[in-house]
Amino acid sequence: MTDPARMEPVLEVVEGDITRLAVDAIVNAANESLTGGGGVDGAIHRAAGRALLEECLAIPQVRPHVRCPTGEARLTGGHRLPARHVIHTVGPVWYGGDKGEPALLAACYAQRLRLAQANDIRTIAFPAISCGVFGYPLDAATRVAIETIHVETLQPTGIARIYFCAFSKDVAAAYQRALSALGTAR
Ligand code: AR6
């Protein structure tokens, strides 16, 4: 029998609100202070309740007002969410594409997968990190997301299913284009 830990995960695009997903972990597109904000960050804090903010505030600051530098991640509980954990990450702000944005965004996905692997997370859902307030062009961002995860999960990770949670039809279509561009690789 095939060991499930050695299998490549299923990649699935779902449309809707990430706070409704009953997965082991949802990823938050946060800011460096981890004190909440708008977009998906605001939705996650509202749905998880005050205890999530308190857990975030207890995370040590690495410099004033910074608990999670851009490209890094911090793990908390899910509190009132159906998800068991929240992986808070901070994507890059889009400054035109020649300020290291693709590498920083790829690091967000690759390192989140490693954090998931280290915490026995088997199902994980990503929002379109940096594609809202931070202004990363949608097609470029979804390509980085899908390609990075594809390459990272060619090695065994123990992760069974990865959801790309699209908050609108446009975002879902961009993920589908990025998946098609992978061809028959999976
Ligand atoms: N479920 C899934 N996706 C969502 C949801 C939701 N409930 N709500 C929004 N999105 P953004 P960023 C989508 O702006 O660009 C915050 O203020 C949204 O449509 O949330 O990384 C933080 O505190 C878009 O496709 O994140 C930071 O300051 C995607 O999530 C800053 O925004 C990301 O949009 C981070 O900006």
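The values are calculated or read from the model by the stated rules, or taken from the named source; none is laboratory data. Remember, it's a predicted structure, so these values are computed and weren't measured experimentally. A quick note on method: Cβ atoms are made from the backbone with ideal geometry, for glycine too, and the neighbour counts reach across all protein chains shown. When the accessible area is computed, the model is the full protein with side chains, heavy atoms only, and any ligands, DNA or RNA have been set aside. Shrake-Rupley method; radii C 1.70, N 1.55, O 1.52, S 1.80 Å.
Protein heavy-atom surface of the chain, 1.4 angstrom probe: 54% of the accessible area is carbon and sulfur, with nucleic acids and ligands not counted. In the chain, Cα pairs under 8 Å separated by at least six residues give a relative contact order of 32 percent. For the stretch 1-89, the antiparallel share of DSSP beta bridges with both residues in that region comes to about 55%. Among DSSP bridges having both ends in the chain, what percentage is antiparallel? Round to the nearest 5. Percent antiparallel among DSSP bridges in the chain is about 25. Accessible surface for the chain, divided over its residues, is 48 Å² per residue with a 1.4 Å probe.
Convex hull volume of the C-alpha atoms in the stretch 64-169, normalised per residue: 125 Å³.
Restriction of the chymotrypsin sites (Phe, Trp or Tyr not before Pro) in the stretch 31-138 to DSSP coil positions whose beta-carbon has at most 16 other beta-carbons within 10 angstrom yields Tyr95.
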